[in-house]
Amino acid sequence: MKRIRKGGRSATRLITSLAIVLGLGLSTAACTSDGGGTDGGSGSGEPQSGGDVTVLLDAGFAGGWATGLDPATSNTTGANLPQNSAIFGGLFTLEADADGSNARIEPNQAESYEWSEDGLTLTVTLRDGITFTDGTDMNAEAVVWNWIRLLNSGSTGAPRLQLDTTGEAPDLSDEFMDSLWAALPEDVDEATVMGHLAAIQATGDLTVQMKLLAVDGSLVNGFPASALNLIASPSAYAEAGGEEFSLMPVGAGPFIITSNSMSDRLELERNPDYFKDGLPYLDAINFQAVGGDQVAYQTLLAGQGDIIEGLSAVTLIQEAEGNPDVAVYPGVPTSPYVVQLNTRVPPFDDIKAREAIYYATDFSAINEGLFKGDGEMSQSFTASGGLFWNPEVEGYREYDLDKAKALVDEMGGLTVTLGTTDIVTARSVNTALQTQWKEAGIDVEITAQPLGDVINDFLGGQWQAMLQTAGAWDPSVGIGVGVRFGSTSPFSGAPLPAEEGGTTELDDLLAAAVSTIDPDERKMYYDEIAKFISDEAYAPFGMAFTPAQVVRQGVHGPGLDEPIPALAVNEGVLYDRVWVESD
Amino acid sequence: MTDTRTVDESTTSIRTEAPAGFLGRMAGSPLLRLIARRVLIAIPLLFAISVLVFALLEAMPGDVAQQQAGMDATPEEVEAVRKRLGLDRPPVERYLSWLGGFVTGDLGRSSVSGQPVATLLGERMAVTMELVLLAFAVSLLIAVPVALLAARKPGGIFDRIVMVMSMTLLAVPNYVLALLLVLVFAVMLRTLPAIGYVPIDEGLWANLRSVILPVLALGVPIACFYTRFLRGDLVEQLNSADYIDTARAKGVAPWKILWSHAFRNSSFGLLTLVGLNIGGLVGGTIIIEQIFAMPGMGMMMLQGAMSRDVAVVQICVFIFAAVAVFANLFVDVMYAVLDPRIRYGSR
């Protein structure tokens, strides 16, 4: 997930980062900072109603919604969490304690969820009395309508569920079926849809059941970043039609869209019938796409924005920390950098070569040099914000130049091509790695390419080493540990199974980690996975650096001054509880 | 002059053979013949550009379908995207299909949003055209008077200041200039918006306020370039041209010599520069629109390139190239209008 974001941002970064030094110096002078910046903790009293905010989003990531905002057809749902939070709210939300700890999934529009004893049936119960902003009921039938559309409308962001489609679809009303067929593509496979209707059923006015073929312990954890979480009004769709609905979808969230200029500006006003009394606090919220961190920061300083979601330029974050007009809230990291080593081709089919890389890599020095020590060091596929964090993996090979040199000598030399996505930060990390590895006698060629080319390199299978990020809040959601290390993933360099169609020991561990809904059991498996990856030296892990939320003074809310771990890249902000201090 | 007279004689004979009436007179016009000739040259040129653009996009590394499907898409999903985008068809077939659509006015659909490219273009082109036209206007409004003033006393204080300032501003890339302008006028003075575009139907002043900074970021470097060029040409003319000496000997006022004689001759060179600059200026909007969050063609092309939206990138590049081609055609025509010797092919 992070790679997609970064790749999309590369052009912006290339342009703006060149100007950072100049802009930074001048903006520092302009703001006449007295060094009294803020960092966490609101201390601002009770929330107040009223006011509005403009959220500045990177045009290359969350600020792009070219495929619209209909959850079933959008290809950018994972990036558009801010907009979706405001429009739809969500069945579940990721919440945390005020200091960012104890992150957990909590029912939001859902009242509760329950797994069957065998872990194969998930029952979601909705809160009573929620209405979409067109006045119709948000009920179980609406959820089924949305989920079936999501699975059959061609969105590349649709979740891959192992549904049990063997049963019979229930008798559904003609009205429902007509509404569903009208909202599906003309070439949809009818049998597939009926299979999905067998697996996903409304068992009451407010209860929905999802039947699975295999236990999926990460399913509910993945909801907040998935379109499954976003329930839209079937009636509004019928009235507006697909194209208009994609532009102005109707949900039951805290805000209602009033204007949408795709991938440019989205304007919303308060939903007066929101199901939570007294919320949302804000009267209006606007989302504005901007061209990168430097532009976003200057726009904030110019008073045209109130919130920058996910500022990642370290120099700008430090500048913002010294500016009394803004508040900076560092995120809780989940996704560390990792150097994936391709064990399927030389030289990394030899464990000695992989060990040499581990011993030659000093991510701590890179963290100090490039991230001013703000990154959190990790020895596995998640950081402190993620579930199942494992701060120290037993036997992890740490930086030891002498051992690296000895291994390189023993092998008679080592030549490596290290690739990454063409973005400033990743290229800088690669250059630092090249320097470190050369000290150990490793001959290193570094490359940085657009995301599409990096994907092609992965698909071609002939890459040697690739700097990426790994992990998510739940390691099995999104581009988590399975995508980076599962043998069937095209983005993995871990060994292939001995026989075609078989599995490796690591595959079995990865599967076992989601085959239970017991968190303790899952934690045990992820510890084993971390140890396995470390023992086999598949990939040295580095610092996890999470973009900061930068807001003007007086803006508060969960995900801003009350940190919530990032599901994948940026923190999620719960906009129904964002508020601004009145003057 | 001899050549011109000869051509005049030949055209007279053509005129007598042309059909009578307005159309006939138009057809016999040397200027129209020149325009027709240039347009006929432009057509194959644009065709060649369209082939080149298509070939370049085709040769770009990376799998468009994989990129659009996303990193965690299955091979089946990637194939479905490939089919939906028509990428399973041979390149020549796809090009001919695109060309056929283009000729008949069907620009296709964005592979990302599914919207007709023509609709997207319509919304965006007005923004970019406003930026470009205003930037040209600003650049000329700055360059001409400043160059005239500087050329009046070469080596004087004003001339030196102009030279130093123009060289300094020329050395600053326009995206840095854009950020500096934002810093001064939006962050420090809070007089102009840092980002955003207000359509003209929401008020002329609001519209102008929203474009002042991007127009300056685009226009000022060009103004510096024109100033230096025009000032140099004027000084050369004033120092060495016989007709200037003659005018001085006749007692013509210095300002009249500068404006009516020297500038008139120098304007040909300036016109050439304007033609050459148009392509670059339109291209410059890609960065400027990004920085100022202006929903124009430059932003559309950048977003299209990042998402590998071939239909969008193709038409944007084609339009940018076409603007450059037609700008040069316009310059040629203007030469002919201003100088009859060119109209009759004698220069």
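The values are calculated or read from the model by the stated rules, or taken from the named source; none is laboratory data. Predicted, not measured: the structure shown is a model, and the values here were computed from it. FYI the Cβ positions are ideal-geometry reconstructions off the backbone, even for glycines, and counts take in every protein chain you see.
Okay, here's what the table says:
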item: Near pairs, Cβ below 9 angstrom, 6+ apart or cross-chain, from the stretch B:178-202 (in contact (Cβ under 8 Å) with a residue 12 or more places away in the chain) to any residue that is of a type in the set (Lys, Arg) and buried (at least 16 other Cβ atoms within 10 Å of the Cβ); result: B:Gly196/A:Arg265
item: Among (1) buried (at least 24 other Cβ atoms within 10 Å of the Cβ); (2) within 23 Å of the chain's Cα centre (by Cα) - the single one A:Tyr538 does not satisfy; result: (2)
item: Qualifying residues in the stretch A:452-475 (those that are hydrophobic (A, V, I, L, M, F, W, C) and touching a Pro at 6+ places or on another chain (Cβ under 7 Å)) - the one nearest to the other protein chains (Cβ to nearest Cβ); result: A:Leu459
item: Residue under evaluation A:Ala498, criteria (1) touching a residue at least 24 places away in the same chain (Cβ under 8 Å); (2) away from chain B (no Cβ under 14 Å); (3) at negative phi, criterion not met; result: (1)
item: Restricting the stretch B:154-191 to residues that are of a type in the set (Gly, Ala, Ser) and touching a helix residue (DSSP H, G or I) at 6+ places or on another chain (Cβ under 9 Å), the residue that is farthest from the other protein chains (Cβ to nearest Cβ); result: B:Gly156
item: The stretch A:465-483 residues that are free of Cβ contacts under 8 Å to residues at least 60 places away in the same chain, paired with ones that are buried (at least 24 other Cβ atoms within 10 Å of the Cβ) and assigned to a helix (DSSP H, G or I) (beta carbon under 8 Å, 6 or more apart); result: A:Gly482/A:Leu510
item: Helices (runs of 4 or more DSSP H) completely within the stretch A:285-366 that count 1 or more residues being away from chain B (no Cβ under 14 Å) and of a type in the set (A, V, I, L, M, F, W, C); result: A:314-321, A:351-360
item: Pair list, Cβ < 7 Å and 6+ apart or interchain, from the stretch B:150-166 residues that are over 9 Å from B:Arg231 (Cβ atoms) to residues that are crowded, with 17+ Cβ neighbours inside 10 Å; result: B:Arg152/B:Leu258; B:Lys153/B:Asp159; B:Phe158/B:Ala150
item: Looking only at the stretch A:552-571, and only at residues there that are assigned to a loop (DSSP other than H, G, I, E, B) and of a type in the set (A, V, I, L, M, F, W, C), the one that is surrounded by the most Cβ atoms within 10 Å (Cβ to Cβ); result: A:Ala566
item: B:Asp201 being surrounded by fewer than 23 Cβ atoms within 10 Å (Cβ to Cβ), more than 14 Å from chain A (Cβ to nearest Cβ), under 30 Å from A:Leu266 (Cβ atoms) and not hydrophobic (A, V, I, L, M, F, W, C); result: yes
item: Residue satisfying all of: in the stretch A:251-288; in contact (Cβ under 8 Å) with a residue 40 or more places away in the chain and of a type in the set (Ser, Thr, Tyr); surrounded by the most Cβ atoms within 10 Å (Cβ to Cβ) among these; result: A:Ser263
item: Residue tally, condition in a helix (DSSP H, G or I) and without any contact (Cβ under 8 Å) to a residue 60 or more places away in the chain, over the stretch B:167-177; result: 6
item: Test: residue in the stretch A:542-549 that is under 30 Å from A:Tyr297 (Cα atoms) and polar (S, T, N, Q); result: yes
item: Of all residues in the stretch B:112-123 being more than 10 Å from chain A (Cβ to nearest Cβ) and in contact (Cβ under 8 Å) with a residue 12 or more places away in the chain, the one that is surrounded by the fewest Cβ atoms within 10 Å (Cβ to Cβ); result: B:Ala118
item: Residues located in the stretch A:59-84, provided they are small (Gly, Ala, Ser) and farther than 21 Å from A:Pro185 by Cβ; result: A:Ala59, A:Gly60, A:Ala62, A:Gly63, A:Gly64, A:Gly78, A:Ala79
item: Which listed residue, of A:Ala86, A:Ala96, A:Ala66, is within 14 Å of chain B (Cβ to nearest Cβ) and among the aliphatic types (A, V, I, L, M); result: A:Ala66
item: Selection status of A:Gly478, of a type outside the set (D, E, K, R), within 12 Å of chain B (Cβ to nearest Cβ) and either within 23 Å of the chain's Cα centre (by Cα) or not in a helix (DSSP H, G or I) (or both); result: yes
item: Test: residue in the stretch A:417-436 that is within 14 Å of chain B (Cβ to nearest Cβ), aliphatic (A, V, I, L, M) and in contact (Cβ under 8 Å) with a residue 24 or more places away in the chain; result: yes
item: Every residue from the stretch B:264-277 that is more than 15 Å from the chain's Cα centre (by Cα) and either small (Gly, Ala, Ser) or within 13 Å of another protein chain (Cβ to nearest Cβ) (or both); result: B:Ser266, B:Ser267, B:Gly269
item: Residue check, B:Val220 part of a loop (DSSP other than H, G, I, E, B) and at negative phi; result: no
item: Some residue of the stretch B:245-259 being within 28 Å of the chain's Cα centre (by Cα), under 30 Å from B:Val164 (Cβ atoms) and more than 14 Å from chain A (Cβ to nearest Cβ); result: yes
item: Failed item in (1) at pLDDT 85 or above; (2) in contact with a helix residue (DSSP H, G or I) (Cβ under 6 Å, 6 or more places away or on another chain), with B:Gly279 passing the rest; result: (1)
item: Selection status of A:Thr54, modelled with pLDDT of 95 or more, within 12 Å of chain B (Cβ to nearest Cβ) and part of a strand (DSSP E or B); result: yes
item: Scope the stretch A:76-107; condition buried (at least 24 other Cβ atoms within 10 Å of the Cβ) and assigned to a loop (DSSP other than H, G, I, E, B); matching residues; result: A:Thr76, A:Thr77, A:Gly78, A:Ala79, A:Asn80, A:Phe88, A:Gly89, A:Gly90, A:Leu91
item: Restricting the stretch A:226-283 to residues that are polar (S, T, N, Q) and more than 17 Å from A:Leu150 (Cα to Cα), the residue that is farthest from the other protein chains (Cβ to nearest Cβ); result: A:Asn271
item: Sole exception among (1) away from chain B (no Cβ under 14 Å); (2) part of a helix (DSSP H, G or I) for A:Glu445, by number; result: (2)
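Residues checked against (1) within 25 Å of B:Glu130 (Cβ to Cβ); (2) assigned to a helix (DSSP H, G or I); (3) away from every other protein chain (no Cβ under 14 Å); (4) among the small types (Gly, Ala, Ser):
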residue: B:Ala262; (1), (2), (3), (4): no, yes, yes, yes
residue: B:Gly279; (1), (2), (3), (4): yes, yes, yes, yes
residue: B:Met299; (1), (2), (3), (4): yes, yes, no, no
residue: B:Phe318; (1), (2), (3), (4): yes, yes, yes, no
residue: B:Val323; (1), (2), (3), (4): yes, yes, yes, no
